[in-house]
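Trainee: Questions regarding the structure given below will be posed in turn.
The values are calculated or read from the model by the stated rules, or taken from the named source; none is laboratory data. It should be emphasised that the depicted structure is a prediction, and the values quoted were computed from it without experimental measurement. Because the Cβ atoms are built from the backbone with ideal geometry, glycine has one as well, and the counts that use them run over all protein chains shown. For the accessible areas, the whole protein counts, side chains as well, though only heavy atoms, and no ligand, DNA or RNA atoms are used. Shrake-Rupley method; radii C 1.70, N 1.55, O 1.52, S 1.80 Å.
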Amino acid sequence: MRPARRLALPLLLGAAGVAACGAGPHGRGLADGRLDLPKALREVSGIVALDAHTLVAVQDEKGALWFVDLRGEAKARSEQFGKAGDYEGLARADGAWWVLRADGVLLRLAARDGGHAIAREVTLPGGHPDWEALAYDADGKRLLAMPKAVAGDDKDARDRRPVYAVDPATGAGVATPVLTLSRRALQAAILAAGVPLPTKTTDKGKEKVDFDFAVSEIAVVPGRRELLLLLGSDRLLLRVDFAGALLGVRALDAKLLPQPEGLAVAADGRVLVASEGDGGKAVVGVVAVP
């Protein structure tokens, strides 16, 4: 049995963490920094800010796109694209929707009969067993995908977190990662920045850092060569450059975002994080850029 994990993260609100969050019942919109999602999105996974007022989401059990009004003025609607599955990531590239399955298959959707259907399937490289993160890099005109669990059990393999690129026009992927992140290097940089990391108690009673670095989602900061990384189990939001260096780190409010899964950057620059319900309602919260 894995030793119990203790989160030693501070509660950060306002400009330091999640923007001023009221009770935010569904229907009030995101103006107060929080929006409750419909029950059907309790298992929310990937999100995309389609425009200033619309959030599009997938959840990890049903093959459907959900369109949510961030103002809370309209009822959420869904468009089915496939059968039940394990859907984790969502991106929009050149007007087309792409969905990432946990097994490393990218699905390109096409409009059909008022909804969507799967038009293309692309298998991502690397043989990694579990994928969650997908984003569109508009400057690079490429999709970026990242596994949550990596292939290989050796020490170096466990340290590396690769990011792969796919050409959305052709569906062709690049076997060599365009970026490889180091868990050890980022752990050292986070601690050097003064942000405490989760800890665990070993069988011998010693407390040690327990940094999973399991990336739930990624997003590209528009107009900048930077990536945002959402670490769900660590409850952290990181900002890194395309050389893998840490530029900023933000601890997330565990009460507001108990299980962070989705990440998007809105047109106005707001960073949106979606959390699964964890026994309650799923929510979207506004988070300050690290």
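Trainee: Just one of the numbered conditions (1) aliphatic (A, V, I, L, M); (2) surrounded by fewer than 14 Cβ atoms within 10 Å (Cβ to Cβ); (3) under 23 Å from A157 (Cα atoms) is not true of L191; which one?
Mentor: So L191 meets the others, but not (2).
Trainee: If you check L179, L100, L186, which single one turns out to be touching a Leu at 6+ places or on another chain (Cβ under 7 Å) and under 24 Å from F211 (Cα atoms)? Show your work before the answer.
Mentor: Working: L179 fails: touching a Leu at 6+ places or on another chain (Cβ under 7 Å); L100 fails: under 24 Å from F211 (Cα atoms).
The unique qualifying residue is L186.
Trainee: List the number of the failed condition for L13; all other conditions in (1) modelled with pLDDT of 95 or more; (2) open to solvent by 50 Å² or more (accessible area, probe 1.4 Å); (3) over 24 Å from A169 (Cβ atoms) hold.
Mentor: Every listed condition holds for L13 apart from (1).
Trainee: Additional query: For the list (1) free of Cβ contacts under 8 Å to residues at least 24 places away in the same chain; (2) crowded, with 20+ Cβ neighbours inside 10 Å; (3) of a type in the set (A, V, I, L, M, F, W, C), I need the number of the one condition that L228 fails.
Mentor: All conditions pass for L228, except number (1).
Trainee: Show the residue pairs meeting these rules: Cβ distance below 6 Å; 6+ apart or different chains; first residue within the range 156-184 and in contact (Cβ under 8 Å) with a residue 60 or more places away in the chain; second residue open to solvent by 70 Å² or more (accessible area, probe 1.4 Å) and not aliphatic (A, V, I, L, M).
Mentor: P168/D94; G171/R120; T180/R160
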